[in-house]
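Taking it in order: structure first as structure tokens, then the write-up.
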Amino acid sequence: MTSLTSHDSGAEQTHTRWSGLLANQVFWVAVATVLACIVLSFATNSFATSQNLFNVTRNFAFVAIVALGMTAVIVTAGIDLSVGSTIGLAGVVISVVMHAGFSIWIGIAAALLSAVAVGLVNGILIAYVGMQPFVVTLGMLSVGRSLAMVISQNRTIFEFGPDGGKLLALGGGSTFGIANPVLVLIVLALAMGFIFRFTRWGRHIFAVGGNERAANLTGVPVRRRKCSVYVLCGLMAGIAAVLEVGWLGAVTTGLGTGDELRVIAATVVGGANLMGGVGSAFGAVIGAALIEVIRNSLILLGVNSFWQGTFVGSFIILAVLFNRLSRSGND
Amino acid sequence: MTSLTSHDSGAEQTHTRWSGLLANQVFWVAVATVLACIVLSFATNSFATSQNLFNVTRNFAFVAIVALGMTAVIVTAGIDLSVGSTIGLAGVVISVVMHAGFSIWIGIAAALLSAVAVGLVNGILIAYVGMQPFVVTLGMLSVGRSLAMVISQNRTIFEFGPDGGKLLALGGGSTFGIANPVLVLIVLALAMGFIFRFTRWGRHIFAVGGNERAANLTGVPVRRRKCSVYVLCGLMAGIAAVLEVGWLGAVTTGLGTGDELRVIAATVVGGANLMGGVGSAFGAVIGAALIEVIRNSLILLGVNSFWQGTFVGSFIILAVLFNRLSRSGND
Amino acid sequence: MAVLELNGISKHFGAIRALNNVTLSLEAGEVLGLMGDNGAGKSTIVKIIAGNFLPSEGEIRVEGRPVRFHRPIDARDNGIEVVYQDLALCDNLTAAANVYLGRELRRGIGPFKIIDYKTMYSRSRELFAELKSETRPRDLVRQMSGGQRQAVAIARTRLSQARIVLMDEPTAAISVRQVAEVLQLIERLRDQGIAVILISHRMPDVFTVADRVAVMRRGRKVADKRVADSSPEEVTGLITGALEVA
Amino acid sequence: MAVLELNGISKHFGAIRALNNVTLSLEAGEVLGLMGDNGAGKSTIVKIIAGNFLPSEGEIRVEGRPVRFHRPIDARDNGIEVVYQDLALCDNLTAAANVYLGRELRRGIGPFKIIDYKTMYSRSRELFAELKSETRPRDLVRQMSGGQRQAVAIARTRLSQARIVLMDEPTAAISVRQVAEVLQLIERLRDQGIAVILISHRMPDVFTVADRVAVMRRGRKVADKRVADSSPEEVTGLITGALEVA
Amino acid sequence: QNLKTLALVVKGLDNPYFDLMHQGCERANKELKENGYTCYYTGPATAADEGAEVQIVDDLLTKGVAAIAISPSNAPAIAQLLKRRKTNIPVITADADFLKKDRDLRKAFVGTDNHELGVDLAKQLKKHMAKGGKICLVLGNSAAANINERAAGTRDELSGKEGTEKLTGQNGWTEISGCPLYTDDDAAKGNQMMADTLTANPDLDAFVLEGGWPLFAPQAYTQVTNPIKGKIESGDFVIVSADTLEPEMQALKDHRVNALVGQRPEQMGYDAAMTMMKLAEGKSVENTIYTGLDTCTWDNADNCLKGSK
Ligand SMILES: Nc1ncnc2c1ncn2[C@@H]1O[C@H](COP(=O)(O)OP(=O)(O)OP(=O)(O)O)[C@@H](O)[C@H]1O
Ligand SMILES: Nc1ncnc2c1ncn2[C@@H]1O[C@H](COP(=O)(O)OP(=O)(O)OP(=O)(O)O)[C@@H](O)[C@H]1O
Ligand SMILES: [Mg+2]
Ligand SMILES: [Mg+2]
């Protein structure tokens, strides 16, 4: 039906593998990303350096980690606008706790707990009280940022107590030549990919996004599942915050500002559909990668900074457009 | 069905008028707003002053005008994240044109044209190419802001040529003791309220939001309608930009930054449902009013600035929650 | 001359061949019963005639003129009215708004026209009464029972002077009482010289009102004969594949 | 002892009284045909038994125990399986995933269990074959025809050992061939001692398989008698209101 | 010809203040071209986005520029990056500096002392209001270190004690509840907040604007100050503000603000570019290059800026 904007599920395929692949947005975004990388390797002599690749992968790791959680939220037809503030809150919490002399483990636990708490409030209001995700998480965006200011008294924190070195090594260091946040991303992405496909929880969130009423009637614990995706998304934001603080080496209450739109952009460019029922872990990662490659390339190419926004915006649209056009032939 | 988060249409009622009213989010938000105003009139001796009411109404007029356009978009189950950038772009355009010595009419025409152009690009990509509104308008958010920088060369403009005085009077002046932007808002809100209810276009956008496939099958020109709401939303952003520039008396490329979330918050608090099919002009206005009253009251009450975000966020959630709980009794 | 002719229509969805070289013609004032197993392609035929899909191959003629319907409204402009199998209703609108969807009544002068709710409500009430349905024009479709919804979809076809009415299982969810009404309605349509295609899985319904019956199997038309020359048993055999060709 | 009893059940939706003091009982191995005009309240009864709504008044007993179902899964845990009128399918999942929705098969050891797609596909294929439906387990439900969708919904009830099966117009959209299969299936269920409520507007179906027939009118039960003691004409009269009480 | 890049990374492109640095960068370009260099102005789209600034610096180090000047949003984070990268590319700070402990990571600082700017604002305030009073500080983005430093300078000077957290009556100065105001660098929001504060607190005596945001919207600012115009003229109400951009100078001439203390961002941009070129060519530079402050009052409004442009 040419008139309908139905998007194919990344999770299940009919027909042949090949035509399924061609109809898959993730595939096209991956192609676009690889193409961009190849072009850039020839166009600049700094893109394909190991240092730059190290930077690029590390930079998108933070967004991609949160995008994994966001994918789960979007698959249930929800949205989480509070992730940027959650990153700020969790970042402030770990800094304040470690600054006060506690160990890194206590710091991480406190940061993740605070992030999960934000997710839990979102989840309860959305799943059990039945409010619109957009309103709830927009409210929490404001609340989370404000609490971060209250907790840090709006100071920049850059001394992380006795375990400070460990924190900097965790977020800023590398293992086998790969930045630690990237390694964390790889582990989380594989885990989430597996969970989406092979666990009950994974199948249920797709069902909730596909037809919430039907899922409820067939005994899927819809509320519990809906609540859980926001908790997961909060947790991912917390993990990203810990790593980002370690990388930056300092925290202000501005940490993560505006990240919600970046994360959602990555998720959606990676094939998730905001109407629910469609999305994948690999898509989230590849979406984040494409956006970062574009940003990086504009700087390497020395594009006038006023024009950079035009390029980033247009490429996001083009990446998704490319996929639409390639598909319109056979529907 | 207690488990379903179905929201009632603000546009059509069954049953008795009274039970329809009680089930209507707009009604509850209006009650909350009025209550807040009454409480504030007693709690502070400055809220109910004519100067403060003048300020409050003028402040929310800009957001509310754009929220009228956003309501149309959200009713069709779309979203427009580019309005903040559109305000920035249109503001820069009118300033640059008038700064170059052209008359205010040419300036306004150029500003509205540029805003409509952004809306048209959004509309074509969404309606005719079939892309997701979130992606397209997120891209345009970036593009619009960037073009504003390019056009103004990122300078602050505060001299508007020979007609500068007229522009300042238009946006900053008042008529019969009411700020001009408020008068414009009243006219536009009445017009949109009428259009939503009594024109074909109005009925069609509700149909598109309710069931796009059905609307298409029954001969509603779905694509044209979908395109038109983005153009309208762009136009409203353009009008708001002209008034806001007149009020501010200067333009930087930061104009309107972050307004998209403010506008969407107002629309959704005012009862529009992001799943489409539900929304009203009065709701958009009242939603914007409630958010502004909260912001204003926090300053009047001298609330600690770190905590202000917590209050704003919580009140947005509470306004919508109140309505949910009041309704859960009879479903 | 036939009001509607399909010549060698085929339709693929990717690898799936939903229709394979289907040829069909329909006279004015004739009721054609279209039967077939689930997935045989009946709804696909309807959607092609209704301008919902373009056929992959083949040609459609209305009163002898070849036509290409790019949008549903093209088909309607050619006098084709449809009751879709999924009813095509907007849950968030009232029954009356759904009946008039896409052709809202307006009143006023010149370009200043507003929607005429009053007439839409009263006219819808009449249409529902004509169908013996207890549907209230002001109720939201969301809260209606399955049969009430179907009445809304059927009422739509009565708004304009159609030449061809396609009904995709219009009686599936409605009660005995209204089934009789729908069948009578079809007979009245025929008497007005309108051509009707009735898709149904209910053998008695088809044999009551249809002049001709066509049977689809796996995207092909395997039979097309006068009802008088056939029997429910033969048609059942054709549907299930027990009989190869009639 | 009755497997299922409803005592004085009422249900309001705001001002609408969808059910009014309905009392009903069902024995093991009994098939009850539930008929009535559109909007009479049949689906509402099903939804109350299925744990979809709580009744406004009245009591439900399963095998003599009073029960209150707050969620659909509570009803299922009490051995109640349902085919909903709107089928309750997730368009974005495959046929097999829909059949097993809410009770996915898993394999593995201890807490490390993964979804067992293989068994789910093969078992679904068997269930569809049993229903003589040409539904492919790996197809997305979005692309299926109306009858294929219905087969998926019916296949669900076969997964567990139910005591009570509620079918809300299960044959509305399916073809002759499969109607026969569904009716046979109902007979097989009865023979296994399962109680079945069959809602249908098709008189012949009800009279073929039901032991008892109950008729609803405007939220009230107006008749409840053995099929042997009734006739299609009487039931039609009761539905349309031509007969007041049987 | 192939010009070597000297990068100037600012906190955010959306702030008109940084655009003056951009103009300095452009002015320097004329001289730089002859020596084979070009000044490349960049930064994140918004100043709130501090992570993005770190990434941009990282990318520029990778790309391999000849020298880099940074106005850090999150100074310790940029310092941390430099420690990790151990780069040979000469780095200077402009406008805002690193923390004391990190200052050996940069070859020079070009700019003003933000603490001193705050002190100067306080001095101007004291000139008009010797006995103290109820005041409200107006700040920008809550995370902006330079603005917070200015606030600290103002508080220190007014209280007469280093490290004052909040003025609670020291030397007669009190910050009212609900203040400071965070404008998020938004002119419209700044004016709305000032108007609300005036409404709520008729006994307020002064605003100290640690950045000029409300004045960047002259028309709105005019309306906000209309009710207190008379009090400003008579010295019963005082507004002092940072920065001396054109709309602010106009407000000064209209007697809607009592004093302005401005940095010289254009000069800063120029000096930063020139300092970078020297470093790129291996020359040595001074550790701290102050571009100075301009103090403008009603008396010297017409000629206070001569030195900077
Ligand atoms: N949009 C589509 N994409 C892919 N396949 C489709 C699409 N629409 C229909 N089909 C397939 O085409 C075949 C014919 O479907 P159709 O809906 O015409 O059957 P039908 O005869 O109306 O069946 P029923 O009696 O169950 O309504 C089916 O196999 C169906 O799966
Ligand atoms: N959620 C609801 N809210 C309000 N009214 C409802 C709701 N559900 C059903 N109703 C009303 O209750 C009445 C009974 O509906 P129900 O669906 O039980 O009828 P039914 O007998 O199943 O009809 P059909 O044969 O058409 O399926 C109808 O008037 C319907 O409009
Ligand atoms: Mg069909
Ligand atoms: Mg029903």
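The values are calculated or read from the model by the stated rules, or taken from the named source; none is laboratory data. Note that the structure is predicted; figures quoted are calculated from it, not measured. No Cβ is skipped: glycine too gets one built from the backbone with ideal geometry, and neighbour counts run over all protein chains shown. When the accessible area is computed, the model is the full protein with side chains, heavy atoms only, and any ligands, DNA or RNA have been set aside. Shrake-Rupley method; radii C 1.70, N 1.55, O 1.52, S 1.80 Å.
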Largest-first semi-axes in Å of the equivalent ellipsoid built from the Cα gyration tensor of chain C are 31, 21, 16
Rg/Rh for the range D:115-244 to two decimals, with Rh computed the Kirkwood way over all alpha-carbon pairs. 1.03
If you line up the Cα atoms of the range E:56-188 on their principal axes, what length do they span on each, largest first, in Å? 55, 30, 21
With a 1.4 Å probe and every protein chain kept in, tell me what percent of the accessible surface of the range C:4-240 is carbon plus sulfur. 49
Members of the range A:211-228 that become less accessible by 20 Å² or more once partner protein chains are added (1.4 angstrom probe, chain alone as reference): A:ASN211, A:GLU212, A:ARG213, A:ALA214, A:ASN216, A:LEU217, A:THR218, A:GLY219, A:ARG223
Computed about the Cα centre, the charge dipole of chain E from +1 Lys/Arg and -1 Asp/Glu charges at the Cβ has a magnitude in debye, to the nearest 20, of 760
Whose Cβ in chain C comes nearest the axis that rotates C onto D, and by how many Å? C:ALA172, 2
To the nearest 10 degrees, the tilt of helix C:146-156 (Cα long axis) against the first principal axis of the alpha carbons of chain C is 80
What's the center-to-center distance, using Cα atoms, between the range C:188-246 and the range B:140-166 in Å? 70
How long is the protein assembly as shown along each principal axis, judged by its Cα atoms, biggest number first, in Å? 107, 72, 69
Could you report the buried accessible area between E and B, both sides summed, computed with a 1.4 Å probe and given in Å² to the nearest 100? 2700
Row for the range B:50-142, column shape: gyration tensor on C-alpha, a ≥ b ≥ c, rounded if a/c < 1.5 i.e. under 1.5, prolate if a/b over b/c, else oblate; value oblate
With +1 on each Lys and Arg Cβ and -1 on each Asp and Glu Cβ, and nothing else charged, work out how big the dipole of the protein assembly as shown is about its Cα centre, in Debye to the nearest 20. 2060
Return the average number of partner chain Cβ atoms within 10 angstrom of each residue Cβ along peptide B:311-321. 6
Nearest 100 Å² is fine: what is the total accessible surface buried where chains D and C meet, probe 1.4 Å? 2100
Sparse-neighbour loop sites [GluC sites (Glu not before Pro); the range B:138-244; at most 15 other C-beta within 10 Å; DSSP]: B:GLU159
Can you give me the % of accessible surface on the range E:50-107 that is carbon or sulfur? Probe 1.4 Å, all protein chains present, nothing else counted. 47
Answer in debye to the nearest 20: the dipole magnitude of the range B:46-324 about its Cα centre, from +1 Lys/Arg and -1 Asp/Glu charges placed on Cβ, is 680
Using the 7 Å Cα-to-Cβ label point, sort the distances from B:GLN51 to its equivalents in the other copies shortest first and give them in nm to one decimal. 5.9
Report the D-A buried area as the accessible area lost on both sides summed, probe 1.4 Å, in Å² to the nearest 100. 2400
7 Å along Cα→Cβ for the label point: how many nanometres lie between A:LEU113 and each equivalent label in the other copies, listed shortest first? 6.1
Debye log10 I(q)/I(0) for the range B:46-324, one point scatterer per Cα, at q = 0.15, 0.16 Å⁻¹: -1.12, -1.24
Just report the Cα centroid separation between the range E:64-120 and the range C:126-153, whole Å. 73
Contact order relative to length of the range B:46-324, as percent, for alpha carbon pairs under 8 angstrom and 6 or more apart: 35
The distance between the Cα centres of the range C:18-54 and the range D:42-68, in whole Å, is 43
Just the accessible area per residue of the protein assembly as shown, please: how many Å² with a 1.4 Å probe? 34
Taking only Cα atoms, what is the 0 to 90° angle, nearest 10, from helix C:117-130's long axis to the longest principal axis of chain C? 40
Have a look at the range A:242-259 and report residues whose accessible surface goes down by 20 Å² or more when the remaining protein chains are included, against the chain on its own, probe 1.4 Å, ligands and DNA/RNA excluded. A:TRP247, A:LEU248, A:ALA250, A:THR252, A:GLY254, A:THR257
Suppose we keep just the DSSP beta bridges with both residues in the range C:4-240; what percent of those would be antiparallel, to 5? 60
Please state the relative contact order of chain E as a whole percent: Cα pairs under 8 Å, 6+ residues apart? 20
Which listed pairs, of A:LYS226/D:LYS118; C:LYS225/D:LYS132; B:LYS226/E:LYS189; E:LYS4/E:LYS107; A:LYS226/D:LYS11, have C-alpha distances above 24 Å, in listed order: A:LYS226/D:LYS118; C:LYS225/D:LYS132; B:LYS226/E:LYS189; A:LYS226/D:LYS11
Using Cα-Cα distances under 8 Å and only pairs 6 or more residues apart, what relative contact order does the range D:4-240 have, in percent? 27
In a shell of Cβ-Cβ distance under 10 Å around C:THR240, excluding C:THR240 itself, what net charge do Lys and Arg (+1) and Asp and Glu (-1) give? +2
Which whole number of Å³ per residue matches the convex hull of the alpha-carbon atoms in the range C:1-50? 74
For the range D:157-178, list whatever residues lose no less than 50 Å² of accessible surface once every protein chain is in place, relative to that chain by itself, with the probe at 1.4 Å. D:SER175, D:VAL176, D:ARG177
Inter-copy distances for A:TYR128, nm, shortest first, label points 7 Å along Cα→Cβ, are 5.0
Scan chain A and note any complete DSSP helix (H) whose C-alpha atoms cover at least 20 Å along its axis and whose Kyte-Doolittle average is 1.0 or more. A:25-43, A:50-75, A:83-99, A:104-123, A:133-152, A:180-198, A:222-248, A:281-300
Share, in percent, of DSSP beta bridges within the protein assembly as shown that are antiparallel, nearest 5: 45
Of the heavy-atom accessible surface of the range B:135-255 (probe 1.4 angstrom), what whole percent is carbon and sulfur? 67
Between B:MET236, B:THR137, B:GLY219, whose Cα lies farthest towards the positive end of the dipole of the range B:46-324 when Lys and Arg beta carbons carry +1 and Asp and Glu beta carbons carry -1, centred on the Cα centre? B:GLY219
